[in-house]
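Below: the structure, in structure tokens.
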Amino acid sequence: MTETRLLSLAEIEDLSLRALMAAGTSEENARPLAAATAATEADGVASHGLAYIPIYCEHVQCGKVDGQAVPVLEQPRPGVITVDAATGFAHAAIDAGFERLIPLAREQGIAALAINNSYNCGVLGYHTYRLAQAGLLGLGFTNAPASIAPSGGAKPVVGTNPFSVAAPGEDGDPAVLIDQSASTIAKSEVMKHAREGKPIPEGWALDADGNPTTDPEVGLKGSMAPSGGYKGVGIALLTEIMAAAMTGATLGIHASPFSGTAGGPPKTGQMFLAIDPGVVSGGQFAARMTELCAAIRFQEGAHLPGDGRRARRHAAHKEGVRVSVATLDRIGAILG
């Protein structure tokens, strides 16, 4: 059994911040990433939480991401914001963009944020969640290095490419939070199994010939299994168009891996759309969402996307989170 230790969310954020800065990340870039790491642990998405901090630090030190980068924001059209992340962490670029995106969407009813030259943005739903907290319907797209093969093929051409939709609720939490990748499971989960030497369930990944495998190392050298077959490939292509082609970011076929130290900055992209639901729904959005959610919760055993994360988040704020001691040891080595 994996040895764990109980930490508060504040302790997780502080530990992440200190490790990132020790590795050469500026405080301006480290703070939003540390906050996201704590929030990710709270939501129970451990594969993108503290376990990723040693990887982030390694990537700062090897130059895969510029820890001192300063995002460059422009507004080429009234409803469009662009941010060049300058090969830095996506989180700082997203923060800079959201500072302008949120008031702009409220002012105009809809606004778009396009980010390029960025690094892994972690859990995409963390970002759309914040748009929903601001009372906006948030849509997000982020592309990744190629790991999904096209239908009928075996060579990866698009990444796991998550998309997310967060609909604002009345209690500060999103009424619905959809956050899913185009693959059956996030690639980070396969990477986590590989680090821990554990087999993966069949259906998560394919070998280089397109056959199912339970060996995570073989799967990482092959391709990720698309969710729903060709429909998953379609979602990956949609996200690739939105997050890479539309933003001018690097296509997944050319992006360097988010794992390992080879290849230089991946220069991937993100796209966010923020919509004021009151403007387009005639003031009916909240009532419609209440009715829709009630129809789902009326069914015994049924739940909405985001319910599980919400429950874990509320518990984590009160009780803290249990984290792997092995992960803490790796971070401790960075801190010296």
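Side notes on the structure shown:
- Leading residue by the ranking (nearest to N143 (Cα to Cα)) among those in the range 193-203 that are out of contact with any Leu (no Cβ under 7 Å at 6 or more places or on another chain) and surrounded by fewer than 19 Cβ atoms within 10 Å (Cβ to Cβ): G203
- Only a single item in (1) without any contact (Cβ under 8 Å) to a residue 40 or more places away in the chain; (2) farther than 25 Å from G135 by Cβ; (3) of a type in the set (A, V, I, L, M, F, W, C); (4) buried (at least 24 other Cβ atoms within 10 Å of the Cβ) is not met by F89, and it is number (1).
- Every residue from the range 287-308 that is touching a helix residue (DSSP H, G or I) at 6+ places or on another chain (Cβ under 8 Å) and farther than 13 Å from A166 by Cα: A302, H303
- The residues of the range 17-42 that are more than 17 Å from the chain's Cα centre (by Cα) and either touching a residue at least 60 places away in the same chain (Cβ under 8 Å) or surrounded by 20 or more Cβ atoms within 10 Å (Cβ to Cβ) (or both), listed by number, are L17, R18, A19, L20, A22, A23, T25, E28.
- Number of the condition not met by I241 [criteria: (1) free of Cβ contacts under 8 Å to residues at least 24 places away in the same chain; (2) more than 23 Å from L139 (Cβ to Cβ)]: (2)
- The number of residues in the range 207-224 being surrounded by 16 or more Cβ atoms within 10 Å (Cβ to Cβ) and in contact (Cβ under 8 Å) with a residue 24 or more places away in the chain comes to 6.
- The C-beta contact set for the range 283-308 (first residue free of Cβ contacts under 8 Å to residues at least 12 places away in the same chain, second residue surrounded by 12 or more Cβ atoms within 10 Å (Cβ to Cβ) and of a type in the set (S, T, Y), distance under 8 angstrom, 6+ apart or interchain) comprises R288/S281.
- Filter pass, P201 being modelled with pLDDT of 90 or more, of a type outside the set (G, A, S), at negative phi and assigned by TED's automatic domain parsing to the domain that holds G248: no
- Sole residue being over 18 Å from Q133 (Cα atoms), outside any helix (DSSP H, G or I) and of a type in the set (V, I, T), chosen from I296, I334, I241, I253: I253
- Pairs, first at positive phi in the range 111-137, second at pLDDT below 95 and part of a helix (DSSP H, G or I), C-beta under 7 Å, six or more apart: G122/H48
- Flag for I178 being surrounded by fewer than 20 Cβ atoms within 10 Å (Cβ to Cβ), in contact with a strand residue (DSSP E or B) (Cβ under 7 Å, 6 or more places away or on another chain) and of a type in the set (V, I, T): yes
The values are calculated or read from the model by the stated rules, or taken from the named source; none is laboratory data. Since the model is a prediction, treat every value here as computed from it, not as a measurement. So basically every Cβ, Gly included, is an ideal-geometry build from the backbone, and we count neighbours across all protein chains shown.
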